[in-house]
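The values are calculated or read from the model by the stated rules, or taken from the named source; none is laboratory data. Quick caveat, the model's predicted, so the values are computed rather than measured. Heads up, the Cβs are rebuilt from the backbone with ideal geometry, glycines too, and the neighbour counts pull from every protein chain shown. Side chains are part of the model used for accessible areas, which takes the heavy atoms of the whole protein and leaves out ligands, DNA and RNA. Shrake-Rupley method; radii C 1.70, N 1.55, O 1.52, S 1.80 Å.
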Amino acid sequence: MIPVFDNLIAFAVQSAVLLGLGLALPWLLRMRHPRWKVVWYQFVLAACLLLPVIEPWQRPVLRTVQVSTVLTDGVAVADSTAAGVDWEAVVPAVLAAGMAFRLAWFGLGMARLRRYRRSASPLQPLPEAIAKAEERTKASASWLIAPGIGGPVTFGFRSPVVLVPAGFASLTAESQTAIATHELIHVRRADWPAAIAEELAGALLWFQPLAWVLQDRLRLTREELVDREVVAITASPESYVAALLDSARGAVPDLAPGPAFFIRRGLARRVRSIYEEVPVMSAFRSTLASTGAIAFAAAALWVTAAKFPLIGAPQEAAQADRGIAQVDPQTRSELRYQHPVTYPMAARRAHVEGDVTLEATLNEDGTVADARVISGPEPLRRAALESVLEWHFVNESKTRRTVVTTLTFRLEADTRPASFTPIGKIDVGDDAGRARETIEARLAPYIGQPATPAIIHEIAGIVKPFGLSVGVATRAGEAAIVRVGAAAAPGEPAAPGTRIRVGGNVQAAKLTTKVPPVYPPLARTARIQGAVRFNVVIAPDGAVRSMQLIHGHPLLVDAAQQALARWVYEPTLLNGNPVEVVTVVDVNFTLSE
């Protein structure tokens, strides 16, 4: 399942960074012209909504076994005086409620605008000032008188309408010209659909205070831009400012969501902007500033997305993880989150299969408080138990209950890793002396097994008490030959840049320097714990060369990366030569009670 709660937190952080940059960059780049700022604010608002679409989602690799679960609903294992708060359910519900309220508020404004339109009457005769403004702006609209409206409002796209208050006809010709020119420029610019889209975006981002600030600046900057165009057309800033001040004295608050001639907030700024000289940007500077702003925002967002990624539905294990069955879709629906179950390598080599049945105790929020193994093969029990302890069930009863879960481990017909050559022969030299037959008998079961570092390490452990060592000879297209003797032939050296894949448990045994992660204070406060899993490339000298996140809580990832980068492993040898290793590493975060 997709971790909705974690994704909401990640999206909130990403959108906050983008909105903050959207507000700061115009000032940092000294881009003061309203036309540029209007386009920039609209771009930032759209980019926030498109974040889940344009960024890659992390899809953790889900290595799972077949699971069947039985909820023993009638059995209470502890007193439950309070159900507790399920934040993973409460937070999405609050966000949805806020969006619904904002959309309802917007709908109320649209309904009021419609009532004004129905009660309005045509402005007849049409004042000469309006006809003059239409000629100058090359735009036209239907002019209606709407009793009770606070000030002029423009709406509509294909058939634009301008609603004016009843006192419009009594204004001076200069004020009528200023107002008409202002509203017709909104028509020419098609600001009505843009305003509707911005209102809907604001409803979706209502939980972001920075989105409120950006929307307010966008509305005001748009009016500043239109003010400048009006003054450029009329060449009379004094009469236009007078019209603004007259509207300020008679305007009343209104819910109409269209572009309005008068906005109470920012009146002083608009008047100041009319008389302020803003340097005209050249095309080169405008292009350079726009490109720089987008590049800077994209870089900051890329870093933020890496730290707080959006996590998609887990993907099934790759073919290299054969020997692990799929999860039944019906039983998977009973889980909110299923921690990956890895088939133990030792059990795979020994061809151990079977069912592991466990009993888990659920907390009120569905997390597993405790678990114990009821039955199952011993080599499989630990892997099953470690996974179940990290599961998160859907617990609608909100009471502590027991869960009986069965994990089925099944091997496929061929579980041999494709990247390793099988052992075709084990040659025990004369150096073994009288122990030769004993050693050959002990090593016979390894013939046919893949020549992995783990297998070779086991063989070396068997012959070491006899004072012998192991070498491996491999040739393209042929089975590997393992030579045992006092000075075993090393065989063909590994090719430069050779990289092999080793299981996480095997590689963990070679860890020589393990730096514990520093628990992030925010994660500790939120009681967040668990494992952060990486695909890791280990250099021939044992240092961690690179890492790629598979899954983990966003608040734990950064600390896990910093610790893992300082881990050191014993070099892995192939044919006596150190090679690169690809493996899976878990960095665990556990809170002490």
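Could you go through the range 115-126 in sequence order and give the Karplus-derived ³J(HN,Hα) for each residue, using 6.51 cos²θ - 1.76 cosθ + 1.60 with θ = phi - 60°, rounded to whole Hz, and x for Gly and Pro?
My calculation for the range 115-126 gives 5, 4, 5, 5, 8, 7, 10, x, 7, 9, x, 6 Hz in order.
In the range 181-246, what percent of the accessible surface is made up of carbon and sulfur (1.4 Å probe, ligands and nucleic acids excluded)? Write down the numbers at each step before the final one.
On the way: 1470 of 2240 Å².
Here carbon and sulfur together make up 66 percent of the probe-accessible area.
Starting from the 7 Å offset along Cα-to-Cβ, what nm value, one decimal, do you get for the label separation of residue 375 and residue 529?
3.2 nm
Show the residues, 5+ positions off or on another chain, whose built amide H is closer than 5 Å to the amide H of residue 572.
579
Residue by residue through the range 373-384, which ³J(HN,Hα) values in whole Hz follow from phi under the Karplus form 6.51 cos²θ - 1.76 cosθ + 1.60 (θ = phi - 60°), with glycine and proline marked x?
Whole-Hz 3J(HN,Hα) from phi for the range 373-384: 7, 8, 7, x, x, 4, x, 9, 5, 5, 4, 5.
Can you run phi through the Karplus equation (6.51, -1.76, 1.60; θ = phi - 60°) for the range 134-141 and list ³J(HN,Hα) in whole Hz, with x for Gly and Pro?
Ordered by residue, 3J(HN,Hα) equals 4, 5, 6, 8, 6, 9, 9, 7 Hz.
How high is the relative contact order of the range 80-189, in percent, counting Cα pairs under 8 Å that sit 6 or more residues apart?
25 percent
So for the range 494-593, averaging the separation of alpha carbon pairs under 8 Å that are six or more residues apart and normalising by length, what relative contact order in percent results?
43 percent
Quick one: net charge of residue 484's neighbours, Cβ under 12 Å, K/R +1, D/E -1?
Summing Lys/Arg as +1 and Asp/Glu as -1 gives +1.
Excluding ligands, DNA and RNA, what is the solvent-accessible area per residue of the range 1-53 at a probe of 1.4 Å, expressed in Å²? Walk me through the numbers on the way to the answer.
Numbers: 2390 Å² over 53 residues.
With all protein chains present, the range 1-53 gives 45 Å² per residue.
Hey, what's the range 497-558 come to in accessible area per residue, 1.4 Å probe, Å²?
50 Å²
What part of the accessible area of the range 356-410, given as a whole %, is carbon or sulfur when the probe is 1.4 angstrom? List each step's numbers first, then the result.
Values: 1020 of 2330 Å².
In the range 356-410, the share of accessible area belonging to carbon and sulfur is 44 percent.
Under a crude label model (7 Å from the Cα following the beta-carbon direction), how far is residue 138 from residue 196 in nanometres?
2.5 nm
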